[in-house]
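The next block holds one structure in the form of structure tokens; read it before the comments.
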Amino acid sequence: MLSQPDSTESLPLATPESAIGEPPPPSSSSEDLFSSASLACASGSASSPSLSDDNQKPSPSPVPSQNRPQIPITWPSGGALTLDWVTNLMSTFDWASKNLRPSELPTVLPVEVFDALVLTASKILHKEPNWVPIEPGSDGVVGSSVVVVGDVHGQLHDVLFLLKDAGLPSENRFFVFNGDYVDRGAWGLETFLLLLAWKVFIPQRVFLLRGNHESKYCTSVYGFEKEVLAKYAGQVYTAHGGVFRNIPPSPSKRSKGKKNRKVTLNPDSLPLSLGSLDELLKARRSVLDPPWEGHNLIPGDVLWSDPSMKLGLSPNKERGIGLLWGPDYTQEFLKKNNLKLIIRSHEGPDAREKRPGLGGMDEGYTIDHVVESGKLITVFSAPDYPQFQAAEERYKNKGAYIVLESPNFDTPIFHSFEAITPRPKVNPYYDFEDVIDSDEELDLTMMVEAS
């Protein structure tokens, strides 16, 4: 079972291969933009961030860049994207990252093309349910494979390598991107736009699942918001964890003499149990940031939960949102839904070094639970992560992706890869020296204020 994102809010949350999220209509307010659960684009008057454009100019690459592409990119007549258009976008973004200042991106991808791409993708994602089944071979195409990609966090050049190494999306090669496209890395916008282009070009073969970083709070703290403002001032756009809880219907009773007042039970006081795919399908995903209290808890569980080696199902106190679940609940979830694999992302090398009993992310993936019905796997696709860090000693982790081959798609083939170096020199879009090192120490009060 796989999970799908939100564009950001309209990205689905999960797949069996699927995900949660739903896009709002285009809005002139950046606040409205972040509040939709799907692909969304908004135009508005927003001030540029206080970044020195001179400091953002990439340094010359030790290897000469490829020839200057034909720019600006134009939207195709009739709006139908082609393979040539998408692959040209790949090479153009690569060239621009090495030769242009961030503020010059609109000279490569003009605002009207940006808008057309985002709005077209938004319409596609908006129609997808929270739970999207992927059924290779159902349309008569034989020999299909499914490539599962974990967090990429704005590391554009590694994404370009991954696409070439795994093979581009095609009629017999499905791609499931498991969220966290933006933040921390310097090219989150280009990365997300590229994946949207693949979604528009071949929507039944490319599935974008929402990650926890596709939320207003994370993008405001970890750099994506400032990145968008630096590259397209005045336009803000929004673009992953585990199992989720059952939310029982809340019994209600009316107080005597007060017609319209209801008393409801606090869901936090109820015992925890696993939710069903039917509940996931019905969950409301159009939220600024998934709530960690109240009745709409499934989106937060899907985006923020983590596995544990300890048996049981419990609140995720380390993060303050979502769940911790043990091998017993992996078994229950797989058996109940007739599945053999759970593939998640969400945890990089920094998070994993704080998780006793679970494997590190040196190779870009870990097999966390092996139970009677199958396995739980974590895949992380951003090598040498994070791009910016205060500590001198880097994790030097590899990134990885997973290929699932026909006919059963239940035997994962892991592909690890090194980071593409050297990266073009660029300044970060967030204060990486002072910001919290890991999502595990979230300030939920700040999340509320950011909303």
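The values are calculated or read from the model by the stated rules, or taken from the named source; none is laboratory data. Since this is a predicted model, take the numbers as computed values, not measurements. Here the Cβ is made from the backbone with ideal geometry for all residues, glycine too, and neighbour counts use every protein chain on show. For the accessible areas, the whole protein counts, side chains as well, though only heavy atoms, and no ligand, DNA or RNA atoms are used. Shrake-Rupley method; radii C 1.70, N 1.55, O 1.52, S 1.80 Å.
A few comments on the model shown:
- Output for the stretch 85-136, where each listed residue is out of contact with any strand residue (DSSP E or B) (no Cβ under 6 Å at 6 or more places or on another chain), in a helix (DSSP H, G or I) and among the polar types (S, T, N, Q): Thr87, Asn88, Ser91, Thr92, Ser97, Asn99, Ser103, Thr107, Thr120
- Residues in the stretch 334-348 that are assigned to a loop (DSSP other than H, G, I, E, B) and under 22 Å from the mean Cα position of the chain (by Cα): 4 in all.
- Boolean, Trp75 is among the aromatic types (Phe, Trp, Tyr), assigned to a loop (DSSP other than H, G, I, E, B), over 30 Å from Met361 (Cα atoms) and open to solvent by 10 Å² or more (accessible area, probe 1.4 Å): yes
- Considering the stretch 94-111, the residues that are more than 14 Å from Ala233 (Cα to Cα) and within 23 Å of the chain's Cα centre (by Cα) include one that is most open to solvent (accessible area, probe 1.4 Å), namely Asp94.
- Sole exception among (1) more than 23 Å from Gly223 (Cα to Cα); (2) open to solvent by 40 Å² or more (accessible area, probe 1.4 Å); (3) at pLDDT 90 or above for Val371, by number: (2)
- Members of the stretch 154-172 found to be among the charged types (D, E, K, R) and open to solvent by 10 Å² or more (accessible area, probe 1.4 Å), listed by number: Lys164, Asp165, Glu171
- Filter result for Ala351 (open to solvent by less than 40 Å² (accessible area, probe 1.4 Å) and in a loop (DSSP other than H, G, I, E, B)): no
- Per the listing Phe175, Phe114, the residue uniquely within 14 Å of the chain's Cα centre (by Cα) and open to solvent by less than 10 Å² (accessible area, probe 1.4 Å) is Phe175.
- Residue under evaluation Gly257, criteria (1) surrounded by fewer than 11 Cβ atoms within 10 Å (Cβ to Cβ); (2) at pLDDT 70 or above, criterion not met: (2)
- Any hit, the stretch 291-306, residues being under 18 Å from the mean Cα position of the chain (by Cα), at pLDDT 85 or above and not in a helix (DSSP H, G or I): yes
- In this structure, Ile436 qualifies as in contact with a helix residue (DSSP H, G or I) (Cβ under 9 Å, 6 or more places away or on another chain), open to solvent by less than 60 Å² (accessible area, probe 1.4 Å), modelled with pLDDT under 95 and more than 29 Å from Gly275 (Cα to Cα).
- Each residue in the stretch 82-102 was checked for being farther than 20 Å from Asp158 by Cβ and in contact with a helix residue (DSSP H, G or I) (Cβ under 6 Å, 6 or more places away or on another chain), and 1 of them qualify.
- The single condition from (1) at pLDDT below 95; (2) open to solvent by 20 Å² or more (accessible area, probe 1.4 Å) that Val132 fails is (2).
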